[in-house]
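Written below as structure tokens is the structure these notes are about.
The values are calculated or read from the model by the stated rules, or taken from the named source; none is laboratory data. Keep in mind it's a predicted model, so treat the numbers as computed, not measured. A quick note on method: Cβ atoms are made from the backbone with ideal geometry, for glycine too, and the neighbour counts reach across all protein chains shown. For the accessible areas, the whole protein counts, side chains as well, though only heavy atoms, and no ligand, DNA or RNA atoms are used. Shrake-Rupley method; radii C 1.70, N 1.55, O 1.52, S 1.80 Å.
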Amino acid sequence: HKMASVKLTYFNLRARGEPLRLLLAYGGVKYEDERLSPVWVDPTAWNELKPQTPYGQLPVLNWDGTVISQSMACARFIAKEIGIAGRTNLERAQVDEIIDVIQDLINKGASLYFAKDDEGLKNHMTVTIPTSLGQLEKRIESRGGQFMVGNSFSFADLHLYGYVSELPDKSVLDGVPKIKSLTERVANLPNIKTWVESRPVTDM
Amino acid sequence: MPTVKLTYFNLRARAEPCRLLLAYSGTQYEDERLTAPWDDMAPWTALKPKTPWGQIPMLTWDGEVIAQSMACARFLAREFGLAGRNSMEMAQVDEIIDVIQDLLNAYYSLYHAKDTAGQQKHLETTVATGMGQLEKKLESRGGQFMVGNAFSWADLHLFFYVNDMQLMTNKAVDAAFPKIQNLVQRVASIPNIKAWVDSRPATAL
């Protein structure tokens with residue numbers, strides 16, 4: 001993968017591009033981090049690019065000339081390339097399970113945010129998220145307490161870190177100490193720390 | 001769930017690499033400790049003829065006895081998925097283990113010979129050179145882990161070396177090597193490693 005020519009195209013936002021950027025950072029993969037103006041800032045660049053994308057959406061990943069769409073398909077691909085997708089078929093399923101739980105939370109939150117549903121968002125923050133984190137805490141305990149899958153660092157840990165680091169109110173972590181410890185340990189990985197400290201600062 | 005017993009003296013020394021691997025994996029095991037021979041020869045004298053090579057540590061894994069500290073450790077590393085993910089990575093892990101063992105064996109020799117001048121020279125020259133080479137290796141591998149940009153027994157054994165040299169000499173052999181220092185700190189903060197180091201018996205060696 002170090003020899004692959006890689007370009008990630010997304011908006012100048014973290015959002016659905018950031019899981020891929022975290023993976024590429026962890027893997028030490030050199031890539032072109034192409035960023036378009038968000039449509040609410042200036043839609044010109046996206047209007048021009050959109051018809052050239054497979055599904056009229058971003059992110060798209062260009063890996064050695066092959067274009068892959070769908071953020072989670074791209075993420076799983078990169079995770080496999082850099083060796084953190086799970087070491088057996090069962091571990092890969094266990095990793096995918098965690099990814100899907102987190103994606104459900106992200107997608108629900110994004111829906112409520114863009115619908116400007118304040119009541120729904122409040123319920124999401126105070127009920128849904130703590131409940132899910134509690135279930136994830138039980139999962140990590142059942143796996144030995146150090147990592148989400150196979151007692152070994154995987155994309156599941158990185159994706160959970162990415163999600164938790166975006167939470168506006170981190171006090172919710174006080175109820176889930178093993179997850180809290182995990183996210184701190186992921187944050188301390190040199191390539192993650194370097195990326196987070198140096199990436200462009202954006203609203204979302 | 002295998003039945004596991006590790007037999008050694010009540011020392012860290014040549015059993016601690018195995019104890020760290022077992023701790024990391026969360027495997028339940030019997031941590032059998034004999035009185036150090038310089039405190040009381042009798043327990044070891046009784047056990048010695050029952051060992052394959054007249055030495056300890058010995059690992060008993062589901063009734064099968066394995067001797068030789070590094071054979072035991074490498075076996076555990078494989079069992080717990082830390083030995084390297086392909087043949088090349090396994091060789092790269094073994095290379096790091098062997099470099100560390102060379103340093104450690106040289107120090108143990110000087111320690112048991114009570115050669116304080118030799119120990120000082122060893123720290124200032126051999127160790128400094130060796131750590132510099134390991135730092136370069138870590139950089140060449142991306143700076144996060146010794147092998148394959150993934151946590152392995154190589155990282156755990158480097159932690160063992162730095163931690164144990166600190167306990168034996170009261171010196172931080174990683175002080176001049178920032179990436180190793182960072183790696184050692186990160187290994188130290190792995191929950192099972194932290195819990196073991198905080199709770200293991202305190203012994204001179």
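Counting lysine pairs in the range A:105-203 that sit 8 or more residues apart in sequence, or on different chains, and whose Cα atoms lie under 17 Å apart gives 8.
Give the lysines reachable from B:Lys171 as a straight Cα distance under 19 Å; neighbours fewer than 8 places away on the same chain don't count. Candidates past the 8-residue exclusion: B:Lys114, B:Lys121, B:Lys179.
Taking every protein chain into account, the accessible area of the range B:1-122 amounts to 51 square angstrom per residue (probe 1.4 Å). Pairs of Cα atoms nearer than 8 Å and 6+ residues apart set the relative contact order; for chain A it is 22 percent.
Our coupling estimate for the range B:104-113, obtained by passing each phi through the Karplus curve with A = 6.51, B = -1.76, C = 1.60 and θ = phi - 60°, is 5, 4, 4, 5, 4, 4, 5, 5, 5, 7 Hz, Gly and Pro reported as x. Distances between placed amide hydrogens fall under 5 Å for B:Arg85 paired with B:Met90, all partners being 5 or more residues away or on another chain. Placing +1 on each Lys and Arg Cβ and -1 on each Asp and Glu Cβ, with no other charges, gives the range B:66-108 a dipole about its Cα centre of roughly 160 debye. Just to be sure I understand the curve: with the Debye formula and one point per C-alpha of chain B, what is log10 I(q)/I(0) at q = 0.11 Å⁻¹? Taken in order of the listed q values, log10 I(q)/I(0) reads -0.52. The heavy atoms of B:Lys179 present about 80 square angstrom of accessible area, all protein chains included, probe 1.4 Å. Solvent-accessible surface (1.4 Å probe) assigned to B:Phe145 amounts to roughly 20 Å². Within the protein assembly as shown, antiparallel bridges make up roughly 65 percent of the DSSP beta bridges whose residues both belong there.
Along the axis of the charge dipole computed for the range A:102-143 (Cβ charges of +1 for Lys and Arg, -1 for Asp and Glu, origin at the Cα centre), the listed residues A:Ala115, A:Leu105, A:Val127 are led at the positive end by A:Leu105. With charges only on Cβ, +1 for K and R and -1 for D and E, what is the dipole size of the range A:1-138 about its Cα centre, in debye, rounded to 20? Its charge dipole is roughly 260 debye. Calculated FRET efficiency, B:Thr169 to B:Ser199, Cβ-Cβ distance, R0 = 25 Å: about 0.60 to the nearest 0.05. Under 5 Å from the amide H of A:Arg14 lie the amide H atoms of A:Met204, each residue being 5 or more positions distant or on a separate chain, with H modelled from the backbone and absent for Pro and chain starts. Modelled spin labels at A:Tyr55 and A:Asn89, positioned 7 Å past Cα toward Cβ, are 2.6 nm from each other. Here the accessible area of the range B:1-124 is 52 percent carbon and sulfur, with a 1.4 angstrom probe and all protein chains present. Working note: Cα atoms of the protein assembly as shown, range along each principal axis, descending, whole Å: 81, 42, 34. Using Cβ point charges alone (K and R +1, D and E -1), the dipole size of the range B:16-117 about the Cα centre works out to roughly 120 debye. Over chain B, Cα pairs under 8 Å with separation of 6+ residues give a relative contact order of 22 percent. Kindly identify residues of the range B:177-205 having a loss of at least 40 Å² in accessible area between the isolated chain and the assembly of all protein chains, probe radius 1.4 Å. Buried-area filter returns B:Arg186, B:Pro191. Shown here for the range B:6-81: chymotrypsin sites (Phe, Trp or Tyr not before Pro) in loop regions (DSSP other than H, G, I, E, B) with at most 12 other Cβ atoms within 10 Å, namely B:Trp38, B:Trp53. Heavy-atom accessible area buried between chains A and B is around 1200 Å² (1.4 Å probe, both sides summed). Pop out the carbon and sulfur fraction of the accessible area of chain A as a percent, whole number, probe 1.4 Å. Carbon plus sulfur share of accessible area: 53 percent. In order along the range A:161-168, the Karplus-derived 3J(HN,Hα) couplings, from 6.51 cos²θ - 1.76 cosθ + 1.60 at θ = phi - 60°, round to 4, x, 5, 4, 5, 8, 5, x Hz, and Gly and Pro are given as x. Averaged over its residues, the range A:152-204 has an accessible area of 46 Å² per residue, based on protein heavy atoms and a 1.4 Å probe.
Ordered from largest to smallest accessible area (heavy atoms of protein chains, 1.4 Å probe), the residues A:Arg35, A:Arg185 come out as A:Arg35, A:Arg185. Projected label points at A:Ala73 and B:Thr45, each 7 Å from Cα along the beta carbon direction, are separated by 7.5 nanometres. Across A:Asp117, A:Asp157, the residue with the most accessible area heads the list, and the full order at a 1.4 Å probe is A:Asp117, A:Asp157. Straight-line cross-link reach from B:Lys48 at under 20 Å between alpha-carbon atoms covers these lysines, not counting any fewer than eight positions away in the same chain: B:Lys5. Using θ = phi - 60° in the Karplus curve 6.51 cos²θ - 1.76 cosθ + 1.60, the 3J(HN,Hα) couplings for the range B:83-90 round to 8, x, 8, 8, 4, 5, 4, 4 Hz; x is entered for Gly and Pro.
When all protein chains stay in place and ligands, DNA and RNA are ignored, the 1.4 Å accessible-area order of A:Ser71, A:Ser37, largest first, is A:Ser37, A:Ser71.
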